[in-house]
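Participant: Provided herewith is a single structure, encoded as structure tokens, for subsequent inquiry.
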Amino acid sequence: MKKLLFILIFITTTCIGQVNPEKKLRTNSVERYVKSVDNLTLEASYELTKRASETANSLGKKVTITILDASGNILMTTRGENVGPHNTEASRRKAFTALSTKTATLALLRNAKSNPDTQNLNTLPELLLLSGGAPVWYNGNVIGSIGIAGGGSAENDDLIAKSASISELGITVK
């Protein structure tokens, strides 16, 4: 009986001794401090650019297109032939504005114009309240943005930006 009790206590303490509480603590801590996020890839930026370019071409427009990832880093910028050089920075700032506000810049422009509380948004150095910027969404999260400049009108730039969706994969531009 004593032998059986000894074996039972030995096995129990050996098994309990194998649990590593530090590992459990480390896992919980990492989950509190590290978050995975969806982000556009370079391949996605090629496809978004291609789709926006096709729409621009169908309208007879040459445009500059900038694609940003979720952190605001440039993935791609293309400048249409004979499009003014100022459009490169304009398309980047439109994309940045859409990314940081999670709003298409045409809607933001119109809202800021009609709302006295937001009229001075245009005084922030990086924001550009011109149409042609739109956030890129996936599973309810902004994963990047697109900026279009040089389309000839506010409506053209907005239409071209929003045409870049890869809706068959759930990547939408709105």
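The values are calculated or read from the model by the stated rules, or taken from the named source; none is laboratory data. Model, not experiment: these values are computed from the prediction. Cβ: placed from backbone, ideal geometry, glycine included. Neighbour counts: every protein chain shown.
Participant: Within segment 27-60, can you find the residues that are part of a helix (DSSP H, G or I), out of contact with any strand residue (DSSP E or B) (no Cβ under 8 Å at 6 or more places or on another chain) and farther than 18 Å from Glu168 by Cα?
Facilitator: From segment 27-60, those part of a helix (DSSP H, G or I) are 27-33, 42-58; that's our starting set.
Among the residues that remain, those that are also out of contact with any strand residue (DSSP E or B) (no Cβ under 8 Å at 6 or more places or on another chain) are: 27-33, 43, 50, 54-55, 57-58.
Correct list: Thr27, Asn28, Ser29, Val30, Glu31, Arg32, Tyr33, Asn57, Ser58.
Participant: Okay, moving on. If you take the residues of segment 36-59 that are within 13 Å of Ile143 (Cα to Cα), among the small types (Gly, Ala, Ser) and in contact (Cβ under 8 Å) with a residue 60 or more places away in the chain, which of them is surrounded by the fewest Cβ atoms within 10 Å (Cβ to Cβ)?
Facilitator: Pass one, segment 36-59, residues within 13 Å of Ile143 (Cα to Cα): 36-42, 44-45, 48.
Those left that are additionally among the small types (Gly, Ala, Ser): 36, 44-45.
From what's left, in contact (Cβ under 8 Å) with a residue 60 or more places away in the chain: 44-45.
Details: Ala44: 22, Ser45: 24.
In this case the residue turns out to be Ala44.
Participant: Report yes if Ala98 is closer than 19 Å to Ala154 by Cβ, in contact with a helix residue (DSSP H, G or I) (Cβ under 7 Å, 6 or more places away or on another chain), crowded, with 17+ Cβ neighbours inside 10 Å and modelled with pLDDT of 95 or more, otherwise no. Full working, then the answer.
Facilitator: Values: closer than 19 Å to Ala154 by Cβ: yes; in contact with a helix residue (DSSP H, G or I) (Cβ under 7 Å, 6 or more places away or on another chain): yes; crowded, with 17+ Cβ neighbours inside 10 Å: yes; modelled with pLDDT of 95 or more: yes.
Yes; evaluated as a whole, the condition is true for this residue.
Participant: Follow-up. Just name the residue that is surrounded by the most Cβ atoms within 10 Å (Cβ to Cβ) out of those in segment 136-174 that are charged (D, E, K, R) and under 18 Å from Thr78 (Cβ atoms).
Facilitator: Initially, segment 136-174 is screened for residues charged (D, E, K, R), giving 155, 157-158, 162, 168, 174.
The next check asks that each one be under 18 Å from Thr78 (Cβ atoms); those that pass are 157, 162.
Numbers: Asp157: 29, Lys162: 19.
Step by step, filter segment 136-174, then rank; the result is Asp157.
Participant: Filter segment 60-89 for residues that are surrounded by fewer than 23 Cβ atoms within 10 Å (Cβ to Cβ) and of a type in the set (A, V, I, L, M, F, W, C) and give the result.
Facilitator: Ala70, Ile74, Leu75, Met76, Val83 - these are the residues of segment 60-89 that are surrounded by fewer than 23 Cβ atoms within 10 Å (Cβ to Cβ) and of a type in the set (A, V, I, L, M, F, W, C).
Participant: Return the pair list, or none, for Cβ contacts closer than 9 Å from residues in segment 115-144 that are free of Cβ contacts under 8 Å to residues at least 12 places away in the same chain to residues that are assigned to a loop (DSSP other than H, G, I, E, B), at least 6 apart or on different chains.
Facilitator: Hits for this filter: Asn122/Leu128; Asn122/Leu129.
Participant: Still on this structure: Take Lys113 and tell me if it is within 21 Å of the chain's Cα centre (by Cα), charged (D, E, K, R) and in a helix (DSSP H, G or I). First the steps, then the outcome.
Facilitator: On the way: within 21 Å of the chain's Cα centre (by Cα): no; charged (D, E, K, R): yes; in a helix (DSSP H, G or I): yes.
No, not satisfied.
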